[in-house]
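The values are calculated or read from the model by the stated rules, or taken from the named source; none is laboratory data. Everything numeric here is computed off the predicted structure, so don't read it as measured data. Counting neighbours? That spans all protein chains shown, and the Cβs are built from the backbone with ideal geometry, glycine included. The protein model used for the area step is the full one, side chains on, heavy atoms only, and it has no ligands, DNA or RNA in it. Shrake-Rupley method; radii C 1.70, N 1.55, O 1.52, S 1.80 Å.
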Amino acid sequence: MIELKHVTKKYGTVTALEDVSFRVEKGQTVGLLGRNGAGKTTALNVLTGYFPPTAGDVLLDGMSLREHPRECKRRIGYLPERPPLYDEMTVTEYLDFVCELREVAANARKKHIQEILELCGLEEHRHRLLGHLSKGYRQRTGIAQALCGSPDALILDEPTAGLDPAQTVETRALIRALGKERTILLSSHILSEVQQICTHAVILKNGKVARAMALDAREAETQLRVTAAGDGKRIQKALRETEWVEKAEIVGTGPDGAVTFRVSGKRPEGNPAEQVFMKMTEKGIPLRELREEQDSLEEIFLKDTE
Amino acid sequence: MKTIWKRELKGYFYSPVGYVFLGVFLTVSSVLFYMEILRQRSGDLPQFIGEMSYLWMLLSPVLTMRLLAEEKQKKTDQLLLTSPVSLPGIVIGKYLAAVTVLALAAALTGLFVLVVAIYGTVFPAELAVNYLGFVLQGCAFTAMDLFLSGCAGTPMVAAVLAFGANMLLWVMDLLVNAVQAGWAAEALRFISLYQRNEAFLMGQLSFAGILYDLSFAAVFLVLTIAHLEQRRVR
């Protein structure tokens, strides 16, 4: 589990992060979202110990990064925005160096590197110089180095930035595969990517957490906009009697006396709109409008960051 | 630290830097050997070693320019600083790699000693002291230049800064005899790495000289670590 606890980071007089707190539970894949300059990269750099926070702390499985930097760093694999590669080394030499840095036992290193090469699809390129690799393979090598030492948590900063569509698809598939066994926190500008890969999202705005939410839960929730004519309280009661409805809030009243509700609840097995329609018919309430209303991640992002 | 030392040492020879350093060092020292020893039919090795020591001033920047500045420029420092290795471990590992190449260069000049030993007389104890001073002086220059590599944003800037600082030390040495005020001359003599080396060249095992060279190197290593730590916190 990774936790940022009241983290503030200042660069001189500029505050890049202000009292940021959020948790990434074991096994979750969390997308860190935000506009340019929102503090995503700063948050990741603080989290990986690249630089210390001005205030607050980072906890890894309850252990303080400030107090136990060596232990904590051993548990994190980090892919920065620009993969930290030494162009004059071959892929294998480089991974061997990173394994040694991450204190992988010498007798286990060869097997470990072989597994990483297979996982990242780098076997054919193992003897190539890093300086000669294409951008996609450099990115893969960057992910491969983050896997050295089998860290529990992976921190990926814009893992698909600058890749062509085919490479992007491959990298996403790789991250999804890695997410089955590890805790992953990744930053991205591409909301559809976060939607595809992540189970949760944290939205940053001007160095503060604007929202932390479960993407699965968002998928599992249904929201309808219902407009009906009649007494508002009677309509509300009828809506609440519908099996799946948890909340029915009045959002407006029309000049003709029609009342509009936002109805939400856990997505039922059947069609939610049909169930509301049946209930209204049963109660003899004339419906004026019934439509599904779902905030997309884009809408949420724009609302939170505007 | 050992991991960093190994990588940097290999790094010198993955790239042309190590070969350029050794090539230029051996070429210039061969010329000096010809002029001081062969042409004059002399066995004056201390004189030869004294002249070789000026090569540290010229070539130490080649060894140190990439060590920290390039990590910063290419952002590979993110790999090192987020790994379980401590900052002192990183700095000392890099420093020891540079010192290893420097010691290798000094060791290769043993071929010249061998030539003198075949055709003349060599005093091993005196020669060992000469070489000790020679290598310690190189270690001191390397530590100062490593600090400047940590301050610079690119290897080229690091090289220019280091060369300038080395020249300044040399100029200070030239001023020792030119300065009229006694206290100023004394102060310059105290600071000068070249003046400290005089005792070693005369075959005297100067503990003050050893202490000064080692302290000089240690101060710059501590400054390098402090500067990098400060940069992280900023």
### Filtered residues of region B:16-64 (kept if in contact with a Phe, Trp or Tyr (Cβ under 9 Å, 6 or more places away or on another chain), closer than 22 Å to B:Phe200 by Cβ and of a type in the set (S, T, N, Q))
B:Ser29, B:Ser42, B:Ser53, B:Ser60
### Query
Here is a list of conditions, (1) of a type in the set (Gly, Ala, Ser); (2) in a helix (DSSP H, G or I); (3) surrounded by fewer than 21 Cβ atoms within 10 Å (Cβ to Cβ), and B:Ser29 meets all of them except one; can you say which number that is?
(3)
### Query
Can you tell me how many residues in region A:68-112 are assigned to a helix (DSSP H, G or I), open to solvent by 10 Å² or more (accessible area, probe 1.4 Å) and of a type in the set (A, V, I, L, M)?
2
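Inside region A:58-67, can you point out the residues that are assigned to a loop (DSSP other than H, G, I, E, B) and closer than 16 Å to A:Ser150 by Cα? Spell out how you get there, then give the answer.
Filtering region A:58-67 for residues assigned to a loop (DSSP other than H, G, I, E, B) gives A:61-62, A:65-67.
Across region A:58-67, the qualifying residue is only A:Asp61.
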#### Entry: Members of region B:60-89 found to be in contact with a Pro (Cβ under 7 Å, 6 or more places away or on another chain), in a helix (DSSP H, G or I) and without any contact (Cβ under 8 Å) to a residue 24 or more places away in the chain, listed by number
B:Gln78, B:Leu79
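Please verify whether A:Gly257 is in contact with a strand residue (DSSP E or B) (Cβ under 8 Å, 6 or more places away or on another chain) and assigned by TED's automatic domain parsing to the domain that holds A:Arg35, treating the condition exactly as stated.
When the stated conditions are applied, A:Gly257 does not pass them.
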### Residue in region B:213-234 that is farthest from the other protein chains (Cβ to nearest Cβ), counting only those that are farther than 18 Å from B:Asp77 by Cα and β-branched (Val, Ile, Thr)
B:Val219
### Query
Mind checking which residues of region A:130-174 are over 20 Å from A:Thr48 (Cβ atoms), in a loop (DSSP other than H, G, I, E, B) and of a type in the set (A, V, I, L, M)?
A:Leu133, A:Leu163
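So that you can scan it fast, the table gives a plain yes or no per residue for (1) on the phi > 0 side of the Ramachandran plot; (2) modelled with pLDDT under 80; (3) surrounded by fewer than 18 Cβ atoms within 10 Å (Cβ to Cβ):
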{"site": "B:Val171", "(1), (2), (3)": "no, no, yes"}
{"site": "B:Ala184", "(1), (2), (3)": "no, yes, yes"}
{"site": "B:Ile191", "(1), (2), (3)": "no, yes, yes"}
{"site": "B:Gln195", "(1), (2), (3)": "no, yes, yes"}
{"site": "B:Ser206", "(1), (2), (3)": "no, no, no"}
{"site": "B:Gly209", "(1), (2), (3)": "no, no, no"}
{"site": "B:Asp213", "(1), (2), (3)": "no, no, no"}
{"site": "B:Val222", "(1), (2), (3)": "no, no, yes"}
{"site": "B:Gln230", "(1), (2), (3)": "no, no, yes"}
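Mind counting the residues in region A:269-306 that are in a helix (DSSP H, G or I) and under 19 Å from the mean Cα position of the chain (by Cα)?
Quick first cut of region A:269-306, residues in a helix (DSSP H, G or I) only: A:272-283, A:297-305.
The next check asks that each one be under 19 Å from the mean Cα position of the chain (by Cα); those that pass are A:297-305.
Within region A:269-306, residues that are in a helix (DSSP H, G or I) and under 19 Å from the mean Cα position of the chain (by Cα) number 9.
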### Task
Go through region B:159-234 and tell me which helices (runs of 4 or more DSSP H), entirely inside it, have 3 or more residues that are under 29 Å from B:Gly43 (Cα atoms).
B:193-201, B:207-233
### Query
Do we find that B:Ser42 is of a type in the set (S, T, N, Q) and either in a loop (DSSP other than H, G, I, E, B) or open to solvent by 30 Å² or more (accessible area, probe 1.4 Å) (or both) in this structure?
yes
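Each row is one residue, and each column tells you yes or no for (1) in contact with an Asp or Glu (Cβ under 9 Å, 6 or more places away or on another chain); (2) not aliphatic (A, V, I, L, M).
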site	(1), (2)
A:Thr260	yes, yes
A:Pro268	yes, yes
A:Asn271	no, yes
A:Met280	no, no
A:Gly284	no, yes
A:Leu287	no, no
A:Glu293	no, yes
A:Asp304	no, yes
### Message
Contact list please: Cβ distance under 8 Å, first residue in region B:125-142 and under 11 Å from B:Leu102 (Cα atoms), second residue among the charged types (D, E, K, R), pairs at least six apart or on different chains.
### Response
B:Leu136/B:Asp213; B:Gln137/B:Arg196; B:Gln137/B:Asp213; B:Cys139/B:Asp213
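Scan region B:117-126 and give yes if some residue there is modelled with pLDDT under 95, open to solvent by 20 Å² or more (accessible area, probe 1.4 Å), within 15 Å of the chain's Cα centre (by Cα) and over 24 Å from B:Lys6 (Cβ atoms), otherwise no. Show your work before the answer.
Here is the first cut: in region B:117-126, the ones modelled with pLDDT under 95 are B:117-126.
Remaining after also requiring open to solvent by 20 Å² or more (accessible area, probe 1.4 Å): B:117-126.
Then drop every residue that is not within 15 Å of the chain's Cα centre (by Cα), which leaves none.
Scanning region B:117-126, I find no residue that is modelled with pLDDT under 95, open to solvent by 20 Å² or more (accessible area, probe 1.4 Å), within 15 Å of the chain's Cα centre (by Cα) and over 24 Å from B:Lys6 (Cβ atoms), so the answer is no.
Residues of region A:84-101 being within 9 Å of another protein chain (Cβ to nearest Cβ) and either of a type outside the set (Asp, Glu) or under 27 Å from the mean Cα position of the chain (by Cα) (or both), which ones? Please lay out each step first, then the result.
Quick first cut of region A:84-101, residues within 9 Å of another protein chain (Cβ to nearest Cβ) only: A:84-89, A:93, A:97-98, A:100-101.
Result: A:Pro84, A:Leu85, A:Tyr86, A:Met89, A:Phe97, A:Val98, A:Leu101.
Tell me, please, whether a residue that is open to solvent by 60 Å² or more (accessible area, probe 1.4 Å), within 14 Å of chain A (Cβ to nearest Cβ) and in contact (Cβ under 8 Å) with a residue 12 or more places away in the chain can be found in region B:46-59.
Kept after step one, since they are open to solvent by 60 Å² or more (accessible area, probe 1.4 Å), are these residues of region B:46-59: B:47, B:54, B:58.
Among the residues that remain, those that are also within 14 Å of chain A (Cβ to nearest Cβ) are: none.
Checked region B:46-59: no residue is open to solvent by 60 Å² or more (accessible area, probe 1.4 Å), within 14 Å of chain A (Cβ to nearest Cβ) and in contact (Cβ under 8 Å) with a residue 12 or more places away in the chain.
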